[in-house]
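Chemist: Let me begin by handing over the structure; questions about it come next.
The values are calculated or read from the model by the stated rules, or taken from the named source; none is laboratory data. Predicted model, so just to flag it, every value in this text is computed and none were measured. Cβ atoms come from the backbone with ideal geometry, glycine included; neighbour counts cover every protein chain shown.
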Amino acid sequence: MSIWVALILGAVQGLTEFLPVSSSGHLTLLNKIFGIEENTLLLAVLLHLATLFAVIFVLRKEIWELIRHPFSREAVNLYIATVPTVVIVLLTKGLLEDSFTSAKLLPYCFLITAALLLVTHFVGKRNQTNGLCYPKEGFRNNTQSSLIMGIAQGIAVFPGISRSGSTICAGLLAGEQRGRVAKFSFLMSIPIILASMLWEIVSGDFGQIATSEMVLPIIVSFLAAFIIGILSIKLMLKVVEKAKYYWFSIYLVEIAILSFFVV
């Protein structure tokens with residue numbers, strides 16, 4: 001892998017991880033375009049680790065509060081949301097690995113994300129028209145909302161289905177406040193990325209990706225994902241607060257059409 005390809009992969013990961021367009025879907029598409037076939041799932045996990053550091057950097061105050069109060073309401077919400085995600089990933093692990101390799105489902109998954117963004121937008125507009133509004137802070141229903149977002153996160157492990165888009169939309173459809181649900185969505189990614197890293201360390205093959213000529217490209221890719229990820233989080237928090245995320249559905253339809261020709 002060249003330095004320029006590594007830089008592109010890292011930049012795309014950092015930008016798309018927190019925008020509702022599926023970072024794993026974009027990485028899978030770029031792997032096909034650049035002809036990268038070895039350890040694609042492991043590379044995706046490493047880049048997700050870079051964006052995990054971006055989450056920790058931007059939301060360090062919220063994370064510190066969770067560490068200080070591990071049985072607070074928000075901490076318990078995170079535990080509840082993580083359980084269905086882990087169950088779904090374990091039940092679909094074989095299909096998940098195939099989806100990263102073959103990418104046959106990629107265009108359809110992009111379209112699913114686009115449809116979800118549009119549905120969430122129209123439901124939000126209808127609620128606003130009917131005089132309904134999101135609560136000012138916190139979660140309206142701890143267990144129900146957390147479970148719904150956890151299930152959405154589990155489904156979104158497939159490339160093309162946006163994790164941030166799915167979890168944020170799930171929270172909004174459950175009646176949660178926009179800014180609060182966006183931060184919770186980003187916090188939800190932490191235990192899942194850590195679990196993915198642990199799994200790959202235990203069962204993965206680092207031989208191809210850990211060669212000496214791959215060290216510099218991996219570092220470049222990692223740093224690009226981290227730096228751009230920080231900017232992407234801040235952008236997404238503003239986008240969700242202003243309810244402008246539905247515009248990404250147009251882009252997703254276009255990238256889905258491109259994917260039909262690439263994969």
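Chemist: Look through 82, 28 and report the one residue that is of a type in the set (Val, Ile, Thr), within 27 Å of residue 99 (Cβ to Cβ) and either touching a strand residue (DSSP E or B) at 6+ places or on another chain (Cβ under 8 Å) or at pLDDT below 90 (or both).
Modeler: Within the list 82, 28, the selection yields 28.
Chemist: Going by the conditions given, is residue 22 in contact (Cβ under 8 Å) with a residue 24 or more places away in the chain and among the polar types (S, T, N, Q)?
Modeler: yes
Chemist: What is the one condition in (1) closer than 23 Å to residue 109 by Cβ; (2) surrounded by 15 or more Cβ atoms within 10 Å (Cβ to Cβ); (3) modelled with pLDDT under 90 that residue 244 does not satisfy?
Modeler: (2)
Chemist: In the stretch 138-193, how many are part of a loop (DSSP other than H, G, I, E, B) and either of a type in the set (Val, Ile, Thr) or touching an Asp or Glu at 6+ places or on another chain (Cβ under 8 Å) (or both)?
Modeler: Selection size over the stretch 138-193: 5.
Chemist: List pairs: first in the stretch 48-75 and under 15 Å from residue 180 (Cβ atoms), second among the polar types (S, T, N, Q) and at pLDDT 90 or above, Cβ under 6 Å, 6+ apart or cross-chain?
Modeler: none
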